[in-house]
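The values are calculated or read from the model by the stated rules, or taken from the named source; none is laboratory data. A quick note: this is a predicted structure, and the numbers were derived from the prediction, not measured. Reconstructed Cβ throughout: ideal geometry from the backbone, glycine too, with neighbour counts over all protein chains shown. All accessible areas refer to the heavy atoms of the entire protein, side chains included, with ligands and DNA or RNA removed. Shrake-Rupley method; radii C 1.70, N 1.55, O 1.52, S 1.80 Å.
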Protein chains: 2
Amino acid sequence: MAKRNLYLDTKPVEEAAELYLNALRPVVTIQYETIPVTESLNRVTRHATYAKYSSPLFNASAMDGIAVISERTVAATEVAPVTLKEKEDYIVVDTGDPIHPPYDAVIMAEDLVETKDGVQITASAAPWQHVRPIGEDIVAGEMILPSRHKIRPIDVGVLLSAGITRIEVVKRPRAAIFPTGTEIIEPEDTPREGSIIESNSRMFENMVIEAGGEARRFPPIIDDYEQIRDNIAKAVSEYDMVIVNAGSSAGTEDYTVHVLRELGEVIVHGVAIKPGKPVILAVVEGKPVIGLPGYPVSAYIGFENFVLPVLAMMGQTALKKNEVVTASVSKRLVSSLRHKEYVRVKVGKVGDKMVAAPLARGAGAAMSLVRADGFCVIEQHSEGVEAGEPVQVELYRDKAEVENTVVIIGSHDLILDVAADMMPNLHPGMFVSSTHVGSMGGLMALKRKEAHLAPIHLLDEETGEYNLSYIRRLFGSGKIALIKGVGRTQGILVKKGNPLGIKGIEDLPGCRYVNRQRGAGTRVLFDYKLKQLGIAPEQINGYEREAATHMAVAAAVGSDGADAGMGILSAAKAMDLDFIPVGPEEYDFAVPLEYLELPHIKAFIEILKMDEFYKRLDELGGYTYERAGERILNI
Amino acid sequence: MAKRNLYLDTKPVEEAAELYLNALRPVVTIQYETIPVTESLNRVTRHATYAKYSSPLFNASAMDGIAVISERTVAATEVAPVTLKEKEDYIVVDTGDPIHPPYDAVIMAEDLVETKDGVQITASAAPWQHVRPIGEDIVAGEMILPSRHKIRPIDVGVLLSAGITRIEVVKRPRAAIFPTGTEIIEPEDTPREGSIIESNSRMFENMVIEAGGEARRFPPIIDDYEQIRDNIAKAVSEYDMVIVNAGSSAGTEDYTVHVLRELGEVIVHGVAIKPGKPVILAVVEGKPVIGLPGYPVSAYIGFENFVLPVLAMMGQTALKKNEVVTASVSKRLVSSLRHKEYVRVKVGKVGDKMVAAPLARGAGAAMSLVRADGFCVIEQHSEGVEAGEPVQVELYRDKAEVENTVVIIGSHDLILDVAADMMPNLHPGMFVSSTHVGSMGGLMALKRKEAHLAPIHLLDEETGEYNLSYIRRLFGSGKIALIKGVGRTQGILVKKGNPLGIKGIEDLPGCRYVNRQRGAGTRVLFDYKLKQLGIAPEQINGYEREAATHMAVAAAVGSDGADAGMGILSAAKAMDLDFIPVGPEEYDFAVPLEYLELPHIKAFIEILKMDEFYKRLDELGGYTYERAGERILNI
């Protein structure tokens, strides 16, 4: 076998980051440039900035009216008005006009009565009334912005008013980004067997921009020691930092760490973090060079923990901190003492508590980052948390958004995505979030007060009735409603053209099957059908192979690893598979009565009654919706 | 007198905004464009986006190791290992490599023992172990982003992995910005008498960019009806919205509202908001045209309340909401029932409560926006709040920053700016905030637990001693420390060259004097000196004219409105004035003992002992600092 480089260190995260920053501080030079103030938004000042001019530049009228000599007005009262003559006793001024001796006060236009001899006033003017003194806002020589200040729109305005037109700021750190790997292709290329579409570098590019840096993304380099070395060496001489993606692990073609040992010093290789362990933190010619793992989630977490602090140091900016909330975790999370673990979670507010529902934990699950509302961080010294225990969640959505989110946990259907898409458009600031744990899992989540709604499709084998008997059994009376959802058709998903000629469940023994997870309504239905037909689970090759959603079943059947799986028509259609109907079923929503009057829950139920919703269901295919949104049970 | 347009409506803020958005909704068209995904950061999606490819694209190894046929491994145990032969029983795979039939599982490299015949395994491999199934992350046809979603770096990555390279997004709304006014000049021009440096348009430009729009700032237009009309009419045909600055009020040359009545429909003129009343909200040819007042604070508040919602509507983005905290207001705020008022405040955490110290309320005080940490909003139906009452503050700094800020209230000195500048550089995340209310005001703030430190310079007329007797009188024993600050020289600031030949306080009667506010240490000193010399306050022309800081006194003396004022040498130096010394004084910091051990308070006191601090004091001029930072009293 080829040489592998199995043994990485696994330094604790904080120790690794500190070690690296300490190695960089003495060698990295902060760079500066002088730019026009008009182009300085979000840039960071080098020095404290002092006003060149005062603002206002002169004593100025604060009102539209007349400038007067205050001592000539002292006698004016309601009963004995004083008449002032233009040019002699007063001049007309608009707001902002200069006030010069002998004038030393302003009377508002509203307080004047015009007469044939001039204007009449009925009260005296105090010296300096309605006059903005020179420098009232800014005095020449005064400090207007401190050093290391990030310039906001109001700062641009004030700098210009104070006569500052150019300003010295920290240069944006420039990062070179190298994707590596023989198997990777560009997004516009047509993927072939074994291809991986390169996308991490584009994520990094945008993360660099968000952190105030400039990014240059280079085309992918193949897994070749010399090519990787030469490209890094050249980039180090031209950029402020270099990011190399993938090849940071211990695989047969992971050259990066060897290249960096040749070119400079590797400070850290391997961090006790999950996902994201194979990180390389190196210094080459006084510049940071960072190797990040290839799995998108590992790459993202590595970037957040190790690249962002370096960019902050070089750009002299503050690291942005996400809001942290305490939430109750909806299922047990086991973690190893060997690493700090970042678990992506969906967060919502149910009743008076925040709940965090863990998403897929795999390092490859980039969609879980898209879907997540935040990270639940399990520290290295912890073995994990039990279901229901409080955890700290770093939010990356606004807390207000999270609080206005309908939390759905239960069976998966594509219509949940449609509702999630429609909600914020119909009700800005309201959202729908769904986690897929199967129908029974959803009802359990309702019982534990971790969700507002549970979508379910559970067949009572005895009555042939859907859903009602299950929630009757699980919830007390006066506790829950069933909101009618949609009718849909379950069936067998097979490859296009049905090459094995499958006609029904009776044909499945002998095929490679992909099943749904325990507790999923589709699995309940499959078990019921097997029993009806007298087929034992052991006769099904792949009965133990579980997929978590209809779409995951469809994907497996679409590949060369499986021949059939049970699921809904819309999933077959989305993946262009053939579909053998098994029977209709009812997909409804269980909702505890206490949530029915919440504005976002009402809004969700209203969506189920909308023509736009039905139009989109028709596009997906295979749905009926006669009574959708109707409340059919209070027990 | 010229015609004025005195009577504006004053619609409540929310009513005005709603009226305007309702007028715009039917006529404004949201525009879209298709752009490369790689350039889509922060853009807003038009439609829901569905995956083109699955990710992974194929069943893939999740580990570095070997791909095996699971049924050939079933017999393997610790005591009876099984040997597998390359090509026949297994192939070597790296993470991400495709797994095809007959292979259906992966064994990690770590679990293999190499032998001369092949590799030995000591445990069976379950079917599909360590295999990432096709579509595990993303399934082709699955919704990856909803409509109206603001694209983040992770979304860019996932879109590309899913084969999406171009995406339809909402076009950035394009705003034309017109500064108007005959008196305004460009920042690079040399100001003359009556000039106002135009800076609002540059602030707007950057606020538009921050809100996700594009801005085109045009050169200033003079106050001329036709020119204003023609420029607006042309811009309306070329841009998505137009912002006209100043000329929105009722002055003699405020043409904007008349122009807009000619060109289109004025929906609102005048809003019950302070500052910011003279706002014009108009629709011309189906496009929003907004006139904003000229005072920078009014302009800013008008933009926030009326332009941002329009940009959000046109760009289909969510309005960013600032965090709101409850704080205790440090002084009485009187407000009128006639308007909603935005009071700029500094916010800090003292003890266990947040305190909000109001800043200058004038509409022209742009620096108060720079210095502020947030707005305290007094609703229209309220007459204001009493000192110590809780108020809601919209923060525009992070709450964490506010909580790590040293809150200084008391006498003004330029050295406070120096410390504020040094603090975040020495201790990232820690800040110094100062509000200037004079020495006595500072001690009162300490008593009310609204500040951590009060800088004071209070002369005891009987003993000639500074500061000690005042804090002894005000605070109980064991409650407070006095931290030595700096020695500085008080004197009379006079114009360059001292044209009136002032030699001392005895020469002030007959001059135009500018005084400091009641409670200021400098005023206490002035009163003491007047008394010593037997001069009555009535003999001082301008005794009642008050300025709030040394710099404000210096600015007044630098203008043609005053001849002399008392202040410190560094202020005279900053404004290039002459200075007649009156005597040295001691500027120290009173600190309640309970705050002395807080990390940010300790950090502040440490700064008082630093060479860099002394170097900067020497640059300011006139300071001594032998015992700075020393604790000289615990009582």
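Legend: residues A:Y32, B:Y466, sorted from most to least accessible area (1.4 Å probe; ligands, DNA and RNA excluded), read A:Y32, B:Y466.
By definition, a body whose alpha carbon gyration tensor gives a ≥ b ≥ c is prolate when a/c is 1.5 or more and a/b is larger than b/c, and segment A:481-594 fits this prolate description. Label positions at B:L319 and A:Y396, each projected 7 Å from the Cα along the C-beta direction, are separated by 2.8 nm. By the gyration tensor of its Cα atoms, with a ≥ b ≥ c the square roots of the eigenvalues, what is the shape of segment A:60-132: rounded for a/c under 1.5, prolate for a/b over b/c, or oblate? It is prolate, given that a/c is not under 1.5 and a/b is the larger ratio. Altogether, the Stokes-Einstein calculation at 20 °C and 1.002 mPa s, with the Kirkwood radius of segment B:324-392 over Cα pairs as Rh, returns a diffusion coefficient of 178 µm²/s. For segment A:315-338 versus segment A:81-158, the spacing of their alpha-carbon centroids is 54 Å. Using heavy atoms of the protein chains and a probe of 1.4 Å, the accessible area assigned to A:D111 is about 80 Å².
Residues of segment B:518-559 buried by at least 40 Å² of accessible area upon assembly of all protein chains, compared with the chain on its own (1.4 Å probe): B:R545, B:M551, B:A555. Determine, at each q value in 0.08, 0.09, 0.14 (inverse angstroms), the log₁₀ of I(q)/I(0) that the Debye formula gives when each Cα of segment A:142-293 is one equal point scatterer. Computed log10 I(q)/I(0) values: -0.31, -0.38, -0.73. Contact with the other protein chains removes 50 Å² or more of accessible area, compared with the isolated chain and a 1.4 Å probe, from these residues of segment A:403-428: A:D417, A:D421, A:N425. Rounded to the nearest Hz, the phi-derived 3J(HN,Hα) couplings of segment B:214-231 under the Karplus curve 6.51 cos²θ - 1.76 cosθ + 1.60 (θ = phi - 60°) are 10, 10, 10, 9, 8, x, x, 9, 6, 6, 9, 3, 5, 4, 5, 4, 5, 5, where x marks glycine and proline. Taking label points 7 Å from Cα along the Cα-to-Cβ direction, A:H100 and A:E546 give a separation of 8.8 nm.
Which entries of A:K321/B:K321; B:K346/B:K449; B:K287/B:K321; A:K399/A:K479; B:K274/B:K346 show an alpha-carbon separation above 21 angstrom in the structure shown? Listed pairs above 21 Å: B:K287/B:K321; A:K399/A:K479. Assuming a ≥ b ≥ c are the square roots of the Cα gyration tensor eigenvalues, decide whether segment A:78-120 counts as rounded (a/c under 1.5), prolate (otherwise, with a/b larger than b/c) or oblate. Note, shape of segment A:78-120 comes out prolate. In chain A, the convex hull through the Cα atoms has an average projected area of 41.7 nm², a quarter of its surface area. Taking the Cα atoms of segment B:279-432, the ratio Rg/Rh between the radius of gyration and the Kirkwood radius comes to 1.01.
When the expected Rg is taken as 2.2 N^0.38 Å, what fraction or multiple of it is the alpha-carbon Rg of segment B:286-377?
Values: Rg = 15.3 Å, N = 92, 2.2 N^0.38 = 12.3 Å.
My calculation over the Cα atoms of segment B:286-377 gives 1.24.
Taking the centroid of alpha carbons for each part, segment A:485-550 and segment B:503-530 are 95 Å apart.
A label point on B:Y32, set 7 Å along the Cα-to-Cβ line, lies at 4.9 nm from each of its counterparts in the other copies, closest listed first. Each principal axis of the Cα cloud of segment B:12-118 was taken in turn, and the coordinate range along them, longest first, works out to 85, 29, 22 Å. Taking every Cα-Cα distance in segment A:118-205 and sorting them into 5 Å bins from zero, the calculated P(r) comes out as 2, 8, 12, 10, 7, 6, 6, 7, 8, 7, 5, 4, 3, 3, 3, 2, 2, 1, 0 percent. Rounded to the nearest 20 debye, the dipole size of the protein assembly as shown about its Cα centre is 1480 debye, using +1 on the Cβ of Lys and Arg and -1 on the Cβ of Asp and Glu.
Atom-type composition of the exposed protein surface of the protein assembly as shown places 50 percent of the accessible area on carbon and sulfur (1.4 angstrom probe). Derived scalar couplings between HN and Hα for segment A:412-429 equal 8, 8, 5, 5, 5, 5, 5, 5, 5, 6, 6, 3, x, 6, 7, 9, x, x Hz in order, rounded to whole Hz, by the Karplus curve 6.51 cos²θ - 1.76 cosθ + 1.60 (θ = phi - 60°), x for Gly and Pro. The calculated 222 nm mean residue ellipticity attributable to helices in chain A amounts to -7000 deg cm²/dmol, summing -39500 (n - 2.57) over DSSP H runs of n ≥ 4 and dividing by all residues.
Averaged per residue, the protein assembly as shown has 40 square angstrom of accessible surface, using a 1.4 angstrom probe with ligands and nucleic acids left out.
Are there any residues in segment B:148-164 with a reduction of at least 20 Å² in accessible surface when going from the isolated chain to the assembly of protein chains? Probe 1.4 Å, please list them by number. Those residues are B:R148, B:R152, B:P153, B:I154, B:V156, B:G157, B:V158, B:L160, B:S161. Counting only heavy atoms of the protein chains and using a 1.4 Å probe, B:D611 has close to 120 Å² of accessible surface. In the protein assembly as shown, taking the dipole from charged Cβ atoms about the Cα centre, the farthest positive-side position among A:M367, A:L458, B:H550 is held by A:L458.
Restricting segment A:99-172 to trypsin sites (Lys or Arg not before Pro) that sit in a DSSP loop and have at most 14 other Cβ atoms within 10 Å of their own Cβ leaves A:K116. Annotation: amide H of B:F431 within the under-5 Å range of B:T405, B:V406, sequence separation 5 or more or interchain, hydrogens built in the peptide plane.
Here, P(r) means the percent of Cα pairs in each 5 Å bin from 0 to the largest distance; for segment A:442-515 it is 3, 11, 19, 16, 12, 12, 11, 9, 5, 1, 0. Give me the angle, in degrees from 0 to 90, between the Cα long axis of helix A:521-533 and the longest principal axis of the Cα atoms of chain A, rounded to the nearest 10. Taking the Cα atoms of chain A, the angle to A:521-533 is about 10 degrees. For B:Y90, the residues whose amide H sits under 5 Å from its own are B:K85, ignoring neighbours fewer than 5 places away on the same chain, with H placed 1.01 Å from N. Using C-alpha pairs under 8 Å with a sequence gap of at least 6, the mean separation divided by the residue count of segment B:15-124 gives a relative contact order of 30 percent. Sorted into 10 angstrom bins from 0, the C-alpha pair distances of the protein assembly as shown split as 2, 8, 14, 18, 18, 15, 11, 7, 4, 2, 1, 0, 0 percent. Chain B packed on chain A takes about 8500 Å² of accessible surface away from a 1.4 Å probe, both sides summed. Think of each Lys and Arg Cβ as +1 and each Asp and Glu Cβ as -1; about the Cα centre, that makes the dipole of chain A roughly 1760 debye. Calculated on the alpha-carbon coordinates, the convex hull of segment A:440-634 measures out at 119 cubic angstrom per residue. Note that segment A:492-504 has calculated 3J(HN,Hα) couplings of 9, 8, 10, 4, 3, x, 6, x, 8, x, 5, 10, x Hz, one per residue in order, obtained from phi through the Karplus relation 6.51 cos²θ - 1.76 cosθ + 1.60 (θ = phi - 60°); glycine and proline are x.
Counting Cβ atoms of other protein chains within 10 Å of each residue's Cβ and taking the mean over peptide A:183-195 gives 4. Each of B:L596, B:T624, B:P581 was placed along the dipole of segment B:455-634 (beta-carbon charges, centred on the mean Cα), and the one lying farthest toward the positive end is B:L596. Placing a label point 7 Å from the Cα of A:K615 along the Cα-to-Cβ direction, the residues of segment B:118-161 whose backbone N falls under 18 Å of that point are B:147-148.
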